[in-house]
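Remarks on the structure that follows.
The values are calculated or read from the model by the stated rules, or taken from the named source; none is laboratory data. Everything numeric in this text was worked out from a predicted model, so none of it was measured. A quick note on method: Cβ atoms are made from the backbone with ideal geometry, for glycine too, and the neighbour counts reach across all protein chains shown. Accessible surface is based on the protein model in full, side chains and every heavy atom, while ligands, DNA and RNA are left aside. Shrake-Rupley method; radii C 1.70, N 1.55, O 1.52, S 1.80 Å.
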Amino acid sequence: MSIQPHLPKQVKIVEVGPRDGLQNEKETISAAIKTELVDRLTQAGFANIEAASFVSPKWVPQMATSTEVMAAIARRPGTIYSALTPNMQGFEAALAAKADEVVIFGSASEAFSQKNINCSIAESIARFEGVAKAAKDNGLRLRGSISCAFGCPYQGEVPLDAVADVVGRMRDLGCDEIDIADTIGVATPRKTQAVMARAIEAFHVDGLSGHFHDTYGQALANIYASLELGIAIYHSSVSGLGGCPYAKGATGNVATEDVLYMMNGLGIATGIDLDLVVDAGQFISQQLGRKGSSRAGNALAAKRAAA
Ligand code: HMG
Ligand code: MG
C-alpha cells in the first residue's frame, strides 16, 4: 500500500530562472548567456520555461534583452515559453517575439501593486482586460500571477478574502493558469494550505500553481503542503536564482534541483532530467561568478567531482 495515496502522480515544474531568477541581477547578463541558459533548460525537458519579461526597461533593466533572447532560443516543440506582459505594450512585444503564453501579474496586496506595477489592484485588472482579450484572440495561453498571497513586505498580513477576490478576477479574465505567489517567502505549511484551499474554491485545483520564494527556507515544506491539496504545478528557479526588485529582502525562488530531488524521492513524475538541470545550474553560477544556492544542486555537483 502506498503511504501517500493522495499526492499527485505527476507535476508540471515551470522553470522561472531565466526571468524571475535573473531579473534582479545587478550586472548586465548578455542575451547570449540567457539564451544558453534557456537552451540548457529546454534540453533538460521542461514543458514550461518563463524566458522573458516585456516590462519597462527603466523599471527592470535586466529584462531589456527579452526580444533578443526569444529570437535566439532553440525551441522544443511542446514546450511553452512564457513572457510577462503587464500591459498592451508588453503584449505586443511578446506576440512579436512568439511567446506561447503571456503572464499578467497582479497582487493580493494594494501596497505591493502600487510598488510593483504603479497602479491599484482594480486598475491592474482593468489594464489586464485588453491583454487577456488579445491573448485569446491570438490563440495564446494566458496565465495570471498573484503576488503577496501569503504576506506583503509593505502591508504585512494579506487577508484570505483578498487572495480569493483576485483569483476570481483572474479566472473571470479567462486565465488558463493562476499562480499563487509567496513573493517574500514568509508562508509556512498550514498557512499555505489555508490560502491554497481558498484559491481552489475560487478556481480549480488543476489550474493553480505554487510560486514559492525560499527566503525563510519554507518553500519545500510549502510545496509538500500544496501537494497534499492536489496542486500539481510548481514554479522554481535553477540554482535558486532570484528575487523581486520591488520586494526588499526577497531572495530567490525555491531551487529547481531541490524540488526535483524531492519529487524524485516521492516518486512523482516531472519528465525532467535532474542531471542536466544541475549542469545548467553550474553553468549560470559560473557566469554569475558565485556558488549556486541549491542544496541538492551543490550536493550532486560535489558528489560528481568526488567520483
Ligand atoms: P508606468 O510608468 O506606470 O507606465 O509603468 P506608463 O504606461 O506610464 O509608461 C511609462 C514608460 O514606460 C513609457 O516610456 C512607456 O513606453 C514605458 P517613456 O515614454 O517614459 O520612455 N513602458 C514600457 N516599456 C517597455 N515595455 C512595456 C512598457 N510599458 C510601459 N511593457 C509598468 C507601468 C507596469 C510598465 C511598470 O511599472 C513596469 O514595467 N513594472 C515592472 C514590474 C516588474 O517587472 N516587476 C518584476 C516582475 S513581477 C514579479 O517578479 C513577481 C512574480 O515573480 C510573482 C511573485 O513572486 O510575487 C511574478
Ligand atoms: Mg517571483
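Structure notes:
- Build a GNM of the chain with springs between Cα atoms under 10 Å apart, and of Leu276, Leu266, Leu142 the one that fluctuates most is Leu266.
- Ligands, DNA and RNA left out, the accessible area of the chain computed with a 1.4 Å probe is 53% carbon and sulfur.
- Under the simplified labelling scheme, the Arg190-Ala299 pair shows an inter-label distance of 2.8 nm, with each label point 7 Å from Cα along Cα→Cβ.
- Test item: Cα-centred dipole of region 12-306, Lys/Arg +1 and Asp/Glu -1 on Cβ, debye: 440
- When the chain is treated as a Gaussian network with alpha carbon springs shorter than 10 Å, the biggest mean-square fluctuation among Leu227, Leu22, Leu41 belongs to Leu227.
- Estimated distance in nm for a label pair at Ala72 and Gln10, the labels positioned 7 Å out from Cα along Cα-to-Cβ: 3.3
- Using only side-chain charges placed at the Cβ, +1 for Lys and Arg and -1 for Asp and Glu, the dipole size of region 22-109 relative to its Cα centre rounds to 20 debye.
- Cα centroid separation, region 13-34 to region 48-111: 12 Å.
- Only lysines eight or more places from Lys98 in sequence, or on another chain, were considered; those with a Cα closer than 30 Å are Lys12, Lys26, Lys34, Lys58, Lys115, Lys133, Lys136.
- Nearest-0.05 FRET efficiency for Met88 and Met262, computed from C-beta distance (R0 51 Å): 0.85
- Using 0.36 nm per residue and subtracting the Cα-Cα separation, the extra length available between Ala122 and Tyr154 on full extension is 9.7 nm.
- Whole-number accessible area per residue in Å² for region 12-306, which is evaluated in the context of all protein chains at 1.4 Å: 39
- Check: region 66-112 dipole with +1 on Lys, Arg Cβ and -1 on Asp, Glu Cβ, in debye: 240
- Computed from the C-beta positions of Ala306 and Asp273 and an R0 of 25 Å, the FRET efficiency is 0.75 to the nearest 0.05.
- For the pair Ala96 and Asp161, label points projected 7 Å from Cα toward Cβ lie 4.4 nm apart.
- Most mobile listed residue (Val16, Val278, Val254) in the chain, GNM with C-alpha springs under 10 Å: Val278
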